[in-house]
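Colleague: The following block contains the structure, expressed as structure tokens.
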Amino acid sequence: LSNFYGPKIDKLSSMRANKADLLNLLSSDQNTYQWVVFATHGFFDKNLSGLREPFLALTMVPPGTDGFLKMSDVMSLRINTDLVALTACQSGLGKELSGEGIMSMGRAFQYSGARSVLMSLWSVVEKPSVMLVESFFKNLKKTKNKSEALKLARQEVRSSGYDHPFFWASFIPVGEKD
């Protein structure tokens, strides 16, 4: 995406992809983003010792670094963005709460102010997922319509040999569609 959009983006990668820098960037009143994209690993397992909420994995270096962006971290933010894309496994999974529904990373970003979220419902395969997200954002830049951009991206992944829904159907949009 940085190759496609060039210098118009703030990119946190490698050692800069840490929770402190990310939270500072997203919570700054000076930064307003149209889109926020996470290309990382996501996980939810209610039996995982020590982590009972969904999270995205960020950098874990140096040793002792808290590299987990947890649902509760996200819910403490106040962001003003049109779209958050969670291109990670299981970002739409979470605990079901009576009267609330599924509390997931996607739901946390909506709670924090994102008008819409693209999230996954199961573990994904890297190559077709990257293809889908790249195509989605290229199409979104052209069409300005999230539903159409996702439809075109799914078609592109399918035509590239990943026809089975496992490869393209895990990503779903929630919130404002267009």
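The values are calculated or read from the model by the stated rules, or taken from the named source; none is laboratory data. Here the structure is a predicted model, which is why all the values come from computation and not from measurement. Note: ideal-geometry Cβ built from the backbone for every residue, glycine included; neighbour counts use all protein chains shown. Please note that ligands, DNA and RNA were not included when accessible areas were found on the heavy atoms of the full protein model with its side chains. Shrake-Rupley method; radii C 1.70, N 1.55, O 1.52, S 1.80 Å.
Colleague: Can you tell me which of ALA149, ALA114 is assigned to a helix (DSSP H, G or I) and either touching a Phe, Trp or Tyr at 6+ places or on another chain (Cβ under 7 Å) or under 27 Å from MET71 (Cα atoms) (or both)? Give the steps one after another, and end with the answer.
Modeller: On the way: ALA114 fails: assigned to a helix (DSSP H, G or I).
Testing whether each residue is assigned to a helix (DSSP H, G or I) and either touching a Phe, Trp or Tyr at 6+ places or on another chain (Cβ under 7 Å) or under 27 Å from MET71 (Cα atoms) (or both) leaves just ALA149.
Colleague: Just checking, which of GLY113, GLY161, GLY106, GLY92 is under 28 Å from ARG52 (Cα atoms) and over 13 Å from the mean Cα position of the chain (by Cα)? Write out each step before concluding.
Modeller: Details: GLY161 fails: under 28 Å from ARG52 (Cα atoms); GLY106 fails: over 13 Å from the mean Cα position of the chain (by Cα); GLY92 fails: over 13 Å from the mean Cα position of the chain (by Cα).
Answer to the selection: GLY113.
Colleague: Please state which one of GLY42, GLY94, GLY106, GLY67 is at pLDDT 85 or above, touching an Asp or Glu at 6+ places or on another chain (Cβ under 8 Å), within 23 Å of VAL124 (Cβ to Cβ) and surrounded by 14 or more Cβ atoms within 10 Å (Cβ to Cβ). If you could, list the steps in order and put the result at the bottom.
Modeller: Numbers: GLY42 fails: touching an Asp or Glu at 6+ places or on another chain (Cβ under 8 Å); GLY106 fails: touching an Asp or Glu at 6+ places or on another chain (Cβ under 8 Å); GLY67 fails: touching an Asp or Glu at 6+ places or on another chain (Cβ under 8 Å).
None of the others qualify; the one that does is GLY94.
Colleague: Quick test of your reading of the structure: ASN31 fulfils all but one of (1) under 28 Å from ALA149 (Cβ atoms); (2) at pLDDT 90 or above. Name the failing condition by number.
Modeller: (2)
Colleague: Name the pairs: first residue in region 77-99 and more than 16 Å from PHE167 (Cα to Cα) and acidic (Asp, Glu), second residue open to solvent by less than 10 Å² (accessible area, probe 1.4 Å) and assigned to a strand (DSSP E or B), Cβ to Cβ under 7 Å, at least 6 apart or on different chains?
Modeller: Taking only residues 6 or more apart or on different chains, the pairs are ASP82/SER116.
Colleague: Among the residues of region 157-178, write down those that are part of a helix (DSSP H, G or I) and buried (at least 19 other Cβ atoms within 10 Å of the Cβ). Please lay out each step first, then the result.
Modeller: Residues of region 157-178 that are part of a helix (DSSP H, G or I), as a first pass: 157-159, 165-168.
Passing the criteria: VAL157, PHE167, TRP168.
Colleague: Considering (1) part of a loop (DSSP other than H, G, I, E, B); (2) open to solvent by 60 Å² or more (accessible area, probe 1.4 Å), say which one THR81 fails and leave the rest.
Modeller: Every condition holds for THR81 apart from (2).
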